[in-house]
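Enquirer: A single structure is presented below for examination.
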Amino acid sequence: MIELNHISKVFPTRSGDFTALDDISLSIESGEVFGIIGESGAGKSTLVRCINLLERPTSGSVVIDGRDVTGLAGRELRELRSGIGMIFQNISLFQQRSVIDNVRFPATLKASSIGSGSAAEQASRARELLGVVGLAEKADAFPNQLSGGQQQRVAIARALMTSPSVLLCDEATSALDTLTTGSVLDLLARINRELGVTIVLITHSLFVARKVCGRVAVMEAGHVVEQGSLQDVFDHPRADVTKALLGIETGKEVA
Amino acid sequence: MEWASAFFDKYGLLLAQGSLDTLVMVLASTLGAYLIGVPLGVLLTVLAPDGLKPNRAASAVLGWVINMARSIPFIILLVFLIPATRALVGTSLGVQGAIVPLVVSAAPFVARMVEQSLAEVDGGLVEAAQSMGASTGQIVTKVYLREGLPSLLRGLPITVITLLGYSAMAGTVGAGGLGDIAIRYGYQRYQNDVMVATIVILVAMVQLVQSAGNLLVRKLDRRMHA
Ligand SMILES: Nc1ncnc2c1ncn2[C@@H]1O[C@H](COP(=O)(O)OP(=O)(O)OP(=O)(O)O)[C@@H](O)[C@H]1O
Ligand SMILES: [Mg+2]
């Protein structure tokens, strides 16, 4: 379980301090697919980056499986991160490494004792993961030879290399077309179902949220304005942003 | 034909020795410049305000020292460093004596080129590696240097060719090599044929270095492979 307690994040900027997150508390249960939705600039990425401490909260605490990890540094921080996979909108595959070497990469860091193993063990696990994402035959290709959807699937395989219990997805499908988005979402849902990986998924697309999320939180200007089961939030939206988001979506669907 | 063979009989050995001296000077100082310049370029990248370990003071000092070294014209550096060169390698003359000023002048140049190459590495890759639990050292070796390799390699012939030019200048103050020959025979004794020969050799060397560099990039840049 991931608990975010009273998280605030203040960025010092030239024109004064900017509060990107303002006293946010959330808890994400193990094994669920949790969606974070909201308009651009609401603070979704900043919040999710606090989970693996790519962003240090200015105040508040991050508790994972009962352990306060907010202050972790060095070896312990790297070990924590190796247990949390992350995929990004801009995919970020290593261009100079083959697909299989990309997938192996997290294990070669030896950030944690789990999932490292010998080169041969790493290679066979990487092949197995490429099978899971349906790209076994692309093992020796290079990222620039793959389509966007294939690249994102490689990134997913890479994020799974160290057998993480959590997968953070920051707009993982935003760069993909609708059909490819569907197949990547199916894959994420399957990973959640079959491997029991907790998924935290940022999206600005209600289509995406609807397809995979169990519960969602809606963010606006550094606040969580409402949260609950997908059904509750989408069927009975209380916050204006949620209504606006739903309105925009309906407008689009009609048009 | 007869003229050519007479020329070679007379100057062949001299030119061969000069070419060899130039090659040794350039290759040894390239090696030295990279041994110093790569770590400096990495430091510039890591200590920068948006780097992995930002340190305003250290990066300012380092940047300042590098700019200083780069702003001294080579011909002045050459004279200025004579005492330091004597202390380091025992002589300020010959190939050995030239290597010290060549390294000192090229290392900061290499540092800036390395910094430039590493800046081209996608920040998203650095962040991805961080999210996987990579340490700073691992990010430097496995992300920056590895992903920046093609760009780093493209800088290599630029450095070698720059040093080739500098080595000719070093020749004028007793370093030996093709520059020395060109000055002694071409300038001081009005032997234009010798001067032209050194130019031809230098041009050939530049072409060769650039082609070899391009080949290396093609071989090692994995993105181009089928
Ligand atoms: N390093 C930073 N320095 C200053 N401000 C920042 C920094 N990172 C984020 N912000 C600001 O914090 C706010 C939230 O940013 P964030 O990236 O979390 O938004 P988001 O909800 O993910 O938006 P999007 O949907 O466009 O990705 C934005 O206004 C952004 O400008
Ligand atoms: Mg974002």
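Enquirer: Please specify each residue of the stretch A:20-47 satisfying the condition of being closer than 23 Å to residue A:237 by Cα and within 14 Å of chain B (Cβ to nearest Cβ).
Expert: Matches in the stretch A:20-47: A:45 only.
Enquirer: Counting only residues that are open to solvent by 10 Å² or more (accessible area, probe 1.4 Å) and within 12 Å of ligand 1 (Cβ to nearest atom), which one in the stretch A:214-223 is nearest to residue A:25 (Cα to Cα)? Break it down stepwise before answering.
Expert: The initial filter retains those residues of the stretch A:214-223 that are open to solvent by 10 Å² or more (accessible area, probe 1.4 Å), namely A:214-215, A:220-221, A:223.
Of the ones still in play, those that are also within 12 Å of ligand 1 (Cβ to nearest atom) are A:220-221, A:223.
Working: A:220: 14, A:221: 15, A:223: 9 Å.
My answer is A:223.
Enquirer: Sticking with this structure for a sec: Can you work out which of the residues in the stretch A:158-178 that are over 24 Å from residue A:40 (Cβ atoms) and over 11 Å from the mean Cα position of the chain (by Cα) is farthest from ligand 1 (Cβ to nearest atom)?
Expert: Restricting to residues being over 24 Å from residue A:40 (Cβ atoms) and over 11 Å from the mean Cα position of the chain (by Cα), the top hit is A:163.
Enquirer: Further question: Just for the stretch A:163-201: of the residues that are within 14 Å of chain B (Cβ to nearest Cβ) and within 16 Å of ligand 2 (Cβ to nearest atom), which one is most open to solvent (accessible area, probe 1.4 Å)?
Expert: Among those residues, the one meeting the criterion is A:175.
This table checks each residue for (1) open to solvent by 20 Å² or more (accessible area, probe 1.4 Å); (2) without any contact (Cβ under 8 Å) to a residue 60 or more places away in the chain; (3) more than 14 Å from chain A (Cβ to nearest Cβ).
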{"site": "B:144", "(1), (2), (3)": "yes, no, no"}
{"site": "B:148", "(1), (2), (3)": "no, yes, no"}
{"site": "B:156", "(1), (2), (3)": "yes, no, yes"}
{"site": "B:169", "(1), (2), (3)": "yes, no, yes"}
{"site": "B:176", "(1), (2), (3)": "no, no, yes"}
{"site": "B:179", "(1), (2), (3)": "no, no, yes"}
{"site": "B:186", "(1), (2), (3)": "no, yes, yes"}
{"site": "B:190", "(1), (2), (3)": "yes, yes, yes"}
{"site": "B:194", "(1), (2), (3)": "no, no, yes"}
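Enquirer: Taking the condition of being in contact (Cβ under 8 Å) with a residue 24 or more places away in the chain and crowded, with 16+ Cβ neighbours inside 10 Å, how many residues in the stretch B:78-92 meet it? Talk me through it step by step, then tell me what you get.
Expert: First, pick out the residues of the stretch B:78-92 that are in contact (Cβ under 8 Å) with a residue 24 or more places away in the chain: B:78-79, B:92.
Keeping just the survivors that are crowded, with 16+ Cβ neighbours inside 10 Å gives B:78, B:92.
Residues meeting the conditions: 2.
Enquirer: May I pose another question? Could you please give the count of residues in the stretch A:179-191 that are in contact with a Gly (Cβ under 9 Å, 6 or more places away or on another chain) and within 21 Å of residue A:45 (Cβ to Cβ)? Give the derivation first.
Expert: First, the residues of the stretch A:179-191 that are in contact with a Gly (Cβ under 9 Å, 6 or more places away or on another chain): A:179-181, A:183-184, A:187.
Those left that are additionally within 21 Å of residue A:45 (Cβ to Cβ): A:181, A:184.
Of the residues in the stretch A:179-191, 2 are in contact with a Gly (Cβ under 9 Å, 6 or more places away or on another chain) and within 21 Å of residue A:45 (Cβ to Cβ).
Enquirer: When you scan the stretch A:61-139 for helices (runs of 4 or more DSSP H) that lie fully inside it, which ones turn up with 3 or more residues that are under 19 Å from residue B:129 (Cβ atoms) and more than 12 Å from every other protein chain (Cβ to nearest Cβ)?
Expert: In the stretch A:61-139, the matching helices (runs of 4 or more DSSP H) lie at A:119-132.
Enquirer: While we're looking at this one, here's another question. Are any residues in the stretch A:26-53 within 16 Å of ligand 2 (Cβ to nearest atom), open to solvent by 30 Å² or more (accessible area, probe 1.4 Å) and either of a type in the set (S, T, N, Q) or part of a loop (DSSP other than H, G, I, E, B) (or both), and if so, which ones?
Expert: Of everything in the stretch A:26-53, those that are within 16 Å of ligand 2 (Cβ to nearest atom), open to solvent by 30 Å² or more (accessible area, probe 1.4 Å) and either of a type in the set (S, T, N, Q) or part of a loop (DSSP other than H, G, I, E, B) (or both) turn out to be A:39, A:40, A:41, A:45.
Residue-by-condition table, conditions (1) acidic (Asp, Glu); (2) away from ligand 1 (no atom under 16 Å from the Cβ); (3) over 17 Å from residue A:155 (Cβ atoms); (4) not assigned by TED's automatic domain parsing to the domain that holds residue A:159:
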| position | (1), (2), (3), (4) |
| --- | --- |
| A:42 | no, no, yes, yes |
| A:47 | no, no, yes, yes |
| A:51 | no, no, yes, yes |
| A:68 | yes, yes, yes, yes |
| A:88 | no, no, no, yes |
| A:104 | no, yes, no, no |
| A:107 | no, yes, no, no |
| A:125 | no, yes, no, no |
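Enquirer: Okay, next question. Within the stretch B:22-36, count every residue that is surrounded by 23 or more Cβ atoms within 10 Å (Cβ to Cβ) and of a type in the set (A, V, I, L, M).
Expert: 3
Enquirer: For residue A:211, only one of the following conditions fails: (1) of a type in the set (Lys, Arg); (2) in contact with a strand residue (DSSP E or B) (Cβ under 7 Å, 6 or more places away or on another chain); (3) open to solvent by 70 Å² or more (accessible area, probe 1.4 Å). What is its number?
Expert: (2)
Enquirer: Can you tell me which residue in the stretch A:8-24 is nearest to residue A:84 (Cα to Cα), limited to those that are away from ligand 2 (no atom under 16 Å from the Cβ) and surrounded by 13 or more Cβ atoms within 10 Å (Cβ to Cβ)?
Expert: So the first thing to find is which residues in the stretch A:8-24 are away from ligand 2 (no atom under 16 Å from the Cβ), and the list is A:8, A:10, A:12-17, A:19, A:22-23.
Keeping just the survivors that are surrounded by 13 or more Cβ atoms within 10 Å (Cβ to Cβ) gives A:8, A:10, A:19, A:22-23.
Working: A:8: 21, A:10: 24, A:19: 26, A:22: 24, A:23: 23 Å.
Per the stated criteria, the residue is A:8.
The values are calculated or read from the model by the stated rules, or taken from the named source; none is laboratory data. Quantities reported herein were computed from a predicted structural model and do not represent experimental measurements. Using ideal geometry, Cβ is built from the backbone for each residue, glycine included, and neighbour counts are taken over all protein chains shown. Please note that ligands, DNA and RNA were not included when accessible areas were found on the heavy atoms of the full protein model with its side chains. Shrake-Rupley method; radii C 1.70, N 1.55, O 1.52, S 1.80 Å.
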